[in-house]
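Read through the structure below, which is laid out as structure tokens, and then see the notes.
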Amino acid sequence: MTGRGKVRRLTCIVCPLGCEIEVRLDRGPGGDVRVLEVRGATCPRGREWAAQEVTDPRRVVITVVPVRGGDPPTVSVKTDRPIPKSRIPEFMRALAGLEVEAPVRVGQVLAKDVLDLANVVATRESRSMGRSFGERP
Amino acid sequence: MGTRVEGRRDVVVVGGGPAGMAAAARAAELGLDVLMVDEGERLGGILPQCIHPGFGVHYLREELTGPEFAQRLASRVEDAGVDVLLEAHVPEVRWISHAEKGVRVLSPGFSGEVRAGAVIYAAGARERHRFEIGILGDRVAGVYTAGEAQTMMDVYGILPGRRVLVVGSGDVGMIVARRFALEGAEVVGVVEIMPYPGGLTRNVVQCLEDFDIPLLLSHRVVSVRGRGRVEKAVLMRVDEGLRDIPGTETEVECDTVVVSAGLVPRVEVLRELGALIDPATGGPVVNDRLETTVPGVFAAGNALVINDLVDHAAEQGEQAAEGAAEFLRRGGIPATDWVRLRPGEGVKLTVPQLLSGERDVWIYLRVNRPVRNARLSLRGAGREVRLPVVRPAEMVRVKLMAGEVRRAKVGGREVVAEVYRG
Ligand SMILES: Cc1cc2nc3c(=O)[nH]c(=O)nc-3n(C[C@H](O)[C@H](O)[C@H](O)COP(=O)(O)OP(=O)(O)OC[C@H]3O[C@@H](n4cnc5c(N)ncnc54)[C@H](O)[C@@H]3O)c2cc1C
């Protein structure tokens, strides 16, 4: 690649092909990252992903949250939307103290607008301890 | 209300993971009386502990986490009217006659034999442990399989260690490495004996690169050292023949070693029953109804062949249910002059191993090395498929038409799967 700007190399994750993509970028007057050229992608989705990935990479965050009196004693959770990759450590710290009461249902919102980035939603159920298996809550 | 266990069932499903749940639901939807037995405390097999997204893209056309996928199938199982028995181990399936098998069940509430017209065996796989991949040294605390580490972290909320070395760069290894990093542990590296990562590129990027976790290719862990608890691991570089290169030992300080060295189908019950086992898959030899060589006993999911996608495991469950329904309706899967499907050049394994030519069939195969611009040839069936890329980590799935299989009946009576470049 020739021309102005900086080049970043990425391996595309959109499909199993895993194209090696090169993105040439520079900084605009406001310090914002601007994409000048994307090369190596073999489809439009790959080009879009690469541009997004160098300007504003985002991820859905997954973790577990303890459940007081729950069986199992945690529920797995995910953010209801992808959050900026750079803020994942801060997001995890914000969740570190979170604990909820049993029972928890799948889809239940356990924390709203954490750091104004996303809601945290349960992806697994946890029943109140003492209820026998197979019994409906 | 407890589940009714006694009496004779049309179908008993052994295992309540995705393959077993899909099989049980489908069989019940076809009007059969079904009992599903699982030794775990809850349905879902390994899915409740796989909290990352990536499940169901094909089967449900929606990307879910493992627990969510399990929940969907569990409600289908319930709606279909399947009887479910949990915390119940099946140590043995006994041949009584062509039309009847005895399934031994051990559980707190019921121990005895359940008679079944057909059995669908979906017991999943077990993880390989450190000694199977030659990690010698001290017997210390702090060595876990990936599944054990995942269960501790993601079901019980316990972090197994603070400085972690992961052995094996398959998707499972990389996903576990990311979970440790997210929870604040330091992942000192992921060690891979092959010269390329075992899992998907997506996971190399999102699990390792995102968290600056080093990937050590062409290395293996030769031993683990410590007093009481892991203190360090000894690594060596390997050559192209995967032989240790003398003088390349390095020591890595860590308190935890997580072994993610692949899965092995759990087939003891089938072997005892006399089913033929395919050394290539580690699972039973099956025909295109997914019936094992023991009439009336079917197999699906990781007990049949290790699946990297839950979608395939669930799909096999449904196929086995349809096979079982045919078996019960017709008093057996009609014998035919089977065409053998076997792996050739570049291919490690193929399933199912026996094709009838009476129906279209999904065949699953795994290659033994990565190839770009690959040409898959199903020699004998006169079929060629072009694939942009194939990798050992990703099962290839191709539909073969009945007519194509029948072609092999006039020829060498076999279809050989081969993969070439270009
Ligand atoms: C860590 C990890 C991550 C994965 N990630 C993905 C992913 O992102 N996307 C994806 O599509 N796939 C993924 N997979 C693959 C997918 O999870 C598997 O293919 C699938 O779970 C296999 O289902 P199964 O029903 O065959 O086996 P299992 O889920 O293992 O279920 C087998 C069940 O049988 C029971 N059982 C066994 N023996 C007996 C017995 N004798 N008596 C009674 N019960 C018994 C067990 O308790 C268990 O519940 C992943 C796998 C792993 C290990």
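The values are calculated or read from the model by the stated rules, or taken from the named source; none is laboratory data. Predicted model only: the values in this text are computed from it and were never measured. All Cβ positions, glycine included, derive from the backbone under ideal geometry; neighbour counts span all protein chains shown.
Under the condition of being more than 30 Å from A:ARG9 (Cβ to Cβ), within 7 Å of chain B (Cβ to nearest Cβ) and surrounded by 17 or more Cβ atoms within 10 Å (Cβ to Cβ), the residues counted in the stretch A:64-78 number 5.
Taking the stretch B:408-422 as the range and being within 20 Å of B:GLU345 (Cβ to Cβ), buried (at least 16 other Cβ atoms within 10 Å of the Cβ) and more than 28 Å from the chain's Cα centre (by Cα) as the test, only B:ALA408 passes.
If the Cβ limit is 8 Å and pairs must be 6+ apart or interchain, which residue in the stretch B:1-21 that is part of a loop (DSSP other than H, G, I, E, B) pairs with which residue that is modelled with pLDDT of 95 or more and of a type in the set (Phe, Trp, Tyr)? Qualifying pairs under 8 Å: B:GLY15/B:TYR121.
Can you name every residue in the stretch A:38-56 that is within 11 Å of chain B (Cβ to nearest Cβ) and surrounded by 15 or more Cβ atoms within 10 Å (Cβ to Cβ)? Scanning the stretch A:38-56 gives A:TRP49, A:GLU53. Among the residues of the stretch B:180-191, the ones that are in a loop (DSSP other than H, G, I, E, B) and either surrounded by 24 or more Cβ atoms within 10 Å (Cβ to Cβ) or on the phi > 0 side of the Ramachandran plot (or both) come to 1 in all.
Inspect the stretch B:129-145 for any residue being buried (at least 18 other Cβ atoms within 10 Å of the Cβ), farther than 17 Å from B:ARG225 by Cβ and of a type outside the set (Lys, Arg) and give the result as yes or no. For the stretch B:129-145, residues buried (at least 18 other Cβ atoms within 10 Å of the Cβ), farther than 17 Å from B:ARG225 by Cβ and of a type outside the set (Lys, Arg): present.
The single condition among (1) over 30 Å from B:GLY31 (Cβ atoms); (2) at pLDDT 95 or above; (3) within 14 Å of chain A (Cβ to nearest Cβ) that B:ARG397 does not satisfy is (1). Please indicate, with yes or no, whether at least one residue in the stretch B:97-107 is more than 15 Å from the ligand (Cβ to nearest atom), surrounded by 22 or more Cβ atoms within 10 Å (Cβ to Cβ) and part of a strand (DSSP E or B). The answer is no, given that none of the residues of the stretch B:97-107 is more than 15 Å from the ligand (Cβ to nearest atom), surrounded by 22 or more Cβ atoms within 10 Å (Cβ to Cβ) and part of a strand (DSSP E or B). Please enumerate the residues belonging to the stretch B:159-179 that are within 14 Å of chain A (Cβ to nearest Cβ), crowded, with 19+ Cβ neighbours inside 10 Å and more than 23 Å from the chain's Cα centre (by Cα). If the condition is that a residue be within 14 Å of chain A (Cβ to nearest Cβ), crowded, with 19+ Cβ neighbours inside 10 Å and more than 23 Å from the chain's Cα centre (by Cα), then B:PRO160 is the only one that fits. Against the list (1) at pLDDT 95 or above; (2) more than 20 Å from B:PHE131 (Cα to Cα), the condition B:PRO197 fails is (1). Name the one entry in A:ARG34, A:ARG24 that is buried (at least 17 other Cβ atoms within 10 Å of the Cβ), away from chain B (no Cβ under 14 Å), at pLDDT 85 or above and over 20 Å from B:VAL389 (Cα atoms). Only one candidate qualifies: A:ARG24. Taking the numbered list (1) surrounded by fewer than 24 Cβ atoms within 10 Å (Cβ to Cβ); (2) near the ligand (Cβ under 9 Å from one of its atoms) in turn, B:PHE55 passes all entries but (1).
Just for the stretch B:180-230: of the residues that are among the charged types (D, E, K, R) and away from every other protein chain (no Cβ under 14 Å), which one is nearest to the ligand (Cβ to nearest atom)?
B:GLU192
Quick test for you: out of B:GLY7, B:GLY17, pick the one residue that is away from every other protein chain (no Cβ under 14 Å) and out of contact with any helix residue (DSSP H, G or I) (no Cβ under 8 Å at 6 or more places or on another chain).
Working: B:GLY17 fails: out of contact with any helix residue (DSSP H, G or I) (no Cβ under 8 Å at 6 or more places or on another chain).
From the options B:GLY7, B:GLY17, the qualifying one is B:GLY7.
Whenever a residue of the stretch B:73-90 is facing chain A (nearest Cβ under 10 Å), its partners that are among the polar types (S, T, N, Q) and more than 10 Å from the ligand (Cβ to nearest atom), lying with C-beta atoms within less than 9 angstrom and at least six residues away or across chains, give the pairs B:VAL84/B:THR3; B:LEU85/B:THR3; B:LEU86/B:THR3.
Taken over the stretch B:23-37, the criterion of being in contact with a helix residue (DSSP H, G or I) (Cβ under 7 Å, 6 or more places away or on another chain) and within 10 Å of the ligand (Cβ to nearest atom) is satisfied by B:ALA23, B:MET36. Tell me, which residue of the stretch B:108-133 that is acidic (Asp, Glu) and either more than 10 Å from the ligand (Cβ to nearest atom) or outside any strand (DSSP E or B) (or both) is nearest to the other protein chains (Cβ to nearest Cβ)? Filtering first and then ranking leaves B:GLU113. Restricting A:VAL65, A:VAL14 to residues that are in contact with a helix residue (DSSP H, G or I) (Cβ under 6 Å, 6 or more places away or on another chain), closer than 30 Å to B:LEU47 by Cα and touching a residue at least 12 places away in the same chain (Cβ under 8 Å) narrows the list to A:VAL14.
Identify all residues within the stretch B:295-323 that are away from the ligand (no atom under 14 Å from the Cβ) and buried (at least 20 other Cβ atoms within 10 Å of the Cβ); write none if there are none. Those that are away from the ligand (no atom under 14 Å from the Cβ) and buried (at least 20 other Cβ atoms within 10 Å of the Cβ): B:GLY296, B:GLY323.
The number of residues in the stretch B:222-244 that are at positive phi and among the aliphatic types (A, V, I, L, M) comes to 1. Here A:CYS12 passes the criteria (1) surrounded by 15 or more Cβ atoms within 10 Å (Cβ to Cβ); (2) within 14 Å of another protein chain (Cβ to nearest Cβ); (3) at pLDDT 90 or above except the one numbered (3).
Counting only strands (runs of 3 or more DSSP E) wholly contained in the stretch A:7-103, the ones carrying 2 or more residues that are among the acidic types (Asp, Glu) occupy A:20-27. Can you name every residue in the stretch B:375-401 that is surrounded by 18 or more Cβ atoms within 10 Å (Cβ to Cβ) and small (Gly, Ala, Ser)? Selection gives B:SER377, B:GLY380, B:ALA381, B:ALA393. Taking residues in the stretch B:42-64 that are at negative phi and among the aliphatic types (A, V, I, L, M), and partners anywhere that are more than 8 Å from the ligand (Cβ to nearest atom) and in a loop (DSSP other than H, G, I, E, B), the pairs with Cβ atoms closer than 6 Å and at least 6 places apart or on different chains are B:VAL57/B:GLU63. Counting the residues of the stretch B:1-20 that are touching a strand residue (DSSP E or B) at 6+ places or on another chain (Cβ under 7 Å), hydrophobic (A, V, I, L, M, F, W, C) and either within 13 Å of the ligand (Cβ to nearest atom) or at pLDDT 95 or above (or both) gives 4. Residues that are away from the ligand (no atom under 16 Å from the Cβ) and outside any loop (DSSP other than H, G, I, E, B) were ranked within the stretch B:134-158; the one that is farthest from the chain's Cα centre (by Cα) is B:GLY137.
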